[in-house]
Amino acid sequence: MSSPHLFELAAVDGKLIRGDRLIGQDRQILFITGFLSKRWGNKSKALAQWCEEKGWGFCCYDVRGYGESEGTFTDYTLSDWIADAQAVLELIKSGPSITIVGNSLGGWIAWLMAQECQDIERLVLIAPAFNMMGVRAKSIDAERQQAWHRAGWMPWDDEPGHRDFPLAWKWVEESEAYWKTSFDRLRPVSTAILHGQQDRVILPQGSSQFVEQLRSLAPSFPVELHLVPGDHRLSGPEHLDTFRRLVFDTRARRDQEPVQH
């Protein structure tokens, strides 16, 4: 595979967002990572290879405060990571039509962006973490939730990889606020959701309930839900085959008007 070229974007606070980009024709794939994930993993590497084979463009990046991008993790919340995604989208949207592939929390960020940006023609959401922090706050016991609210900070859980990245309670407040507006303006962008039935990190019921609510508001919305055997990583050969098929589906909804409800 050809080496993507590194790019840097200055965010509103002056910190640099760093990512990689392959220039291509016909379609641009933007990959948005999950929570506490760096931009290069199994899925992004596979995407970059597929895009090179197809002659498509590809782009991935690290959010501020994590990976190779500048900033301190605790200085940023959900709204900042959405702003990072918007900044990268501005970089690429003058090119070919855009598919966003969002993984976990990146899936929900991708959904929010697609409702606002006409250049996004398709979404592929992998185990999307809709209202991730709001759901997390509701899933822990009341005493721990109160301690989080009172102290203002708490790690996602007690796993060694998470203890060094405490989350502000503001993450919960922002997550709930964004969730309340997730269905306010339904732009009918073609959407495919892939979720593992044995996922214990982001439960598949979240995707099922999302699609159910979406269809209740807009029965004709172009959304597909694929529940498959697998955990949160969905990294087996059979998962990548399904993933590839969903990415290569280039059905677009550019000429449709926003759904009224």
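Taken together, the criteria exclude Ala110 from residues that are aliphatic (A, V, I, L, M), closer than 28 Å to Val12 by Cα, out of contact with any helix residue (DSSP H, G or I) (no Cβ under 8 Å at 6 or more places or on another chain) and touching a residue at least 24 places away in the same chain (Cβ under 8 Å). For the range 183-204, a residue qualifies if it is under 18 Å from Leu105 (Cβ atoms), β-branched (Val, Ile, Thr) and buried (at least 16 other Cβ atoms within 10 Å of the Cβ), and the qualifying residues are Thr191, Ile193, Ile202. Taking the range 5-38 as the range and being more than 24 Å from Arg122 (Cα to Cα) and part of a loop (DSSP other than H, G, I, E, B) as the test, the residues that pass are Ala11, Val12, Asp13, Gly14, Lys15, Leu36. None of Ser79, Ser44, Ser104, Ser69 is without any contact (Cβ under 8 Å) to a residue 24 or more places away in the chain, hydroxyl-bearing (Ser, Thr, Tyr) and in the same structural domain as Ser208 (by TED's automatic domain parsing) except Ser44. Among the residues of the range 135-158, some residue qualifies, meaning at least one is under 27 Å from Leu217 (Cα atoms) and in contact (Cβ under 8 Å) with a residue 40 or more places away in the chain.
A single member of Ile202, Ile193 is assigned to a loop (DSSP other than H, G, I, E, B), in the same structural domain as Thr33 (by TED's automatic domain parsing), modelled with pLDDT of 95 or more and of a type in the set (A, V, I, L, M, F, W, C), and it is Ile202. Can you tell which of Met154, Met113 is farther than 19 Å from Ala85 by Cβ and buried (at least 19 other Cβ atoms within 10 Å of the Cβ)? Being farther than 19 Å from Ala85 by Cβ and buried (at least 19 other Cβ atoms within 10 Å of the Cβ) holds for just one of Met154, Met113, which is Met154. Here the range 46-84 is the region considered, the condition is being part of a helix (DSSP H, G or I) and within 16 Å of the chain's Cα centre (by Cα), and the residue that is nearest to Arg136 (Cα to Cα) is Leu78.
Of the residues making up the range 108-117, at least one is under 19 Å from Arg21 (Cβ atoms) and over 14 Å from the mean Cα position of the chain (by Cα). It is to be established whether one or more residues within the range 225-245 are surrounded by 14 or more Cβ atoms within 10 Å (Cβ to Cβ), at pLDDT 95 or above and closer than 15 Å to Trp111 by Cβ. Checking the range 225-245: at least one residue is surrounded by 14 or more Cβ atoms within 10 Å (Cβ to Cβ), at pLDDT 95 or above and closer than 15 Å to Trp111 by Cβ.
The values are calculated or read from the model by the stated rules, or taken from the named source; none is laboratory data. Owing to the predicted nature of the structure, the values given are computational and were not obtained by experimental measurement. FYI the Cβ positions are ideal-geometry reconstructions off the backbone, even for glycines, and counts take in every protein chain you see.
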